[in-house]
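Shown next, in structure tokens, is the structure this report addresses.
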Amino acid sequence: MKLVKIMRFTFMCHDKPESIGVKVAIIGAGPAGLSAAGYLVCHGYDVDIYDKLPLPGGLMIFAIPPWRISREAVMGGIKELEEKFGVKFILRTKVYSGTKPVHEEGDEFVEKTISLEQLIEEYDVVLITTGTWRSRIPRIPGIEAKGVYTALEYVYQHRLYELGIRKEPPHRGEKVIVIGGGYSAVDAAEQAFKNDAETYLVYRRTVKQAPAGLYEIERIRRLGVNVIELASPVEVIVENGVAKGVKFQRMKLGPPDESGRPRPIPIPGSEFTLEADTVIFATGERSTPPVSPEDKEALGKLGIELTKWNTIVVNNNMQTGNPKVFAAGDVVNGPSKLGPAVGSGLRAARSLDYWMRARRLKLIPLPRS
């Protein structure tokens, strides 16, 4: 019998404490939201978690491969939150503010919507941990062709199939090009290789500058993934609406850019083409707050501010301009690793707890002398 060590989100307590009578709505059941829920229930809060997907877990369940994070461990921790600590999961529900929800990846399972304003009214405090569910893709010719995917879309369809939620097998591909150098690129390339595809990972800098790190890139290279450095896509080659390959341009490294890494500079006349039937862009994701950055009226009424990167602005206590609304995880920090997302959720939960307890103390009248 295989023993699975669960991911304990309630590591601060063994049993559910007495309720303090404060209701918290967490929007997003990913690592930040789940870790925050674990902290809060250990301090006596009543927690409801809203998520648009059919299962809790966020990218840990629906994107990160099971060989990187144990799906059984995550689900075991979620089960403990629900059954032992009374956390209520409201799934297939999208929270939004404004005239209508903005479409994002993973929205096909949404069965009902609820406004952020309603949650703010009905709960004592709200924590937003909606993560990054919108892929960025370069505006080059041919990206609308059949056979072109984002990394999130590609691995997401595989996870759905593994979970039995998707009945039809996902697209596999025989010759696959993955463009990017982050963890999503590594995961997509490894998935394609496990599908027995001839797989290429192409990155515009060298592997030394890859966000996933040299170790991860070299690991999949040893598996059999072909790694090409210093090349950037300029066009997806299309025939009859179907992707047939990618035209790349060789790059060289120049002075550091705003990220601190050497800027890739195109080398004129260095174009080359790789044939492929599947092209995967792992060129980053954007934070997805429950309000559109274009909806200035809704943002103004809520008292929430967004940066130019679509992340939510918070103070040192992870609190937005609306005192009843906190935010944490990738929706605040942008795409990150699992550890920082968990840490951000815990920090927000602690700040929320301090703020709520201070607020409740002010409501208690001083004893008469």
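Things to note:
- Between the alpha-carbon centres of segment 253-278 and segment 36-89 there is a gap of 40 Å.
- Each Lys or Arg adds one and each Asp or Glu takes one away; over the other residues whose Cβ falls under 9 Å from the Cβ of Ala243, this sums to 0.
- Of the GluC sites (Glu not before Pro) found in segment 245-343, those in coil by DSSP whose Cβ has at most 15 other Cβ atoms within 10 Å are Glu258, Glu294, Glu305.
- For segment 1-115, the square roots of the Cα gyration tensor eigenvalues, ordered a ≥ b ≥ c, give a/c of at least 1.5 with a/b no greater than b/c, which places it in the oblate category.
- Just checking the listed ones, Gly30, Gly321, Gly131: in the Gaussian network model of the chain with Cα springs under 10 Å, the one fluctuating most is Gly321.
- Take every Cα pair under 8 Å whose residues are at least 6 apart in sequence, average their separation, divide by the length of segment 137-281, and the relative contact order is 28 percent.
- Lys/Arg +1, Asp/Glu -1 at C-beta; segment 137-281 dipole; positive extreme among Gln209, Ala231, Tyr183: Gln209
- Taking the chain as a Gaussian network of alpha-carbon nodes connected by springs under 10 Å, the highest mean-square fluctuation of the residues Gly245, Gly21, Gly86 belongs to Gly21.
- Cβ crowding within 10 Å ranks His171, His103 as His103, His171, fewest other Cβ atoms first.
- Highest-MSF residue in the chain out of Asn240, Asn310, Asn226 [GNM, Cα springs under 10 Å]: Asn240
- For segment 137-281, with +1 on Lys and Arg beta carbons and -1 on Asp and Glu, the positive-most of Pro141, Phe272, Pro170 along the dipole: Phe272
- Here the contact order of the chain, divided by its residue count and restricted to Cα pairs under 8 Å and six or more residues apart, works out to 18 percent.
- Placing +1 on each Lys and Arg Cβ and -1 on each Asp and Glu Cβ, with no other charges, gives the chain a dipole about its Cα centre of roughly 940 debye.
- In a simple Cβ point-charge model (Lys, Arg +1; Asp, Glu -1; nothing else charged), segment 137-281 has a dipole of about 320 debye relative to its Cα centre.
- Long-range amide H partners of Leu127 with built H, under 5 Å: Ala25, Ile26, Ile27, Phe326
- Trypsin sites (Lys or Arg not before Pro) within segment 99-164: DSSP coil, no more than 11 neighbouring Cβ in 10 Å: Arg139
- Among residues other than Ile280 with Cβ under 11 Å from its Cβ, the summed charge is -2 (Lys and Arg +1, Asp and Glu -1).
- Cα-based Rg / Dmax (Å) for segment 208-260: 14.6, 41
- Overall form of segment 242-369 per C-alpha gyration tensor (a/c, 1.5; a/b vs b/c): prolate
- The 3J(HN,Hα) values that the Karplus relation (6.51, -1.76, 1.60; θ = phi - 60°) gives for segment 330-338 are, in residue order, 5, 5, 9, 9, x, x, 8, 7, 4 Hz. Gly and Pro appear as x.
- Burial ordering of Ser184, Ser97, Ser344, Ser270, fewest other beta-carbon atoms within 10 Å first: Ser270, Ser97, Ser344, Ser184
- Seen through its C-alpha gyration tensor, with square-root eigenvalues sorted a ≥ b ≥ c, segment 137-281 comes out oblate because a/c lies at 1.5 or above while a/b is not bigger than b/c.
Read-outs: derived from the displayed coordinates by stated rules, not from any lab. Everything quoted here is computed from the prediction, not taken from an experiment. Methodologically, a virtual Cβ is constructed for each residue, glycine included, from the backbone with ideal geometry; neighbour enumeration extends over all protein chains shown.
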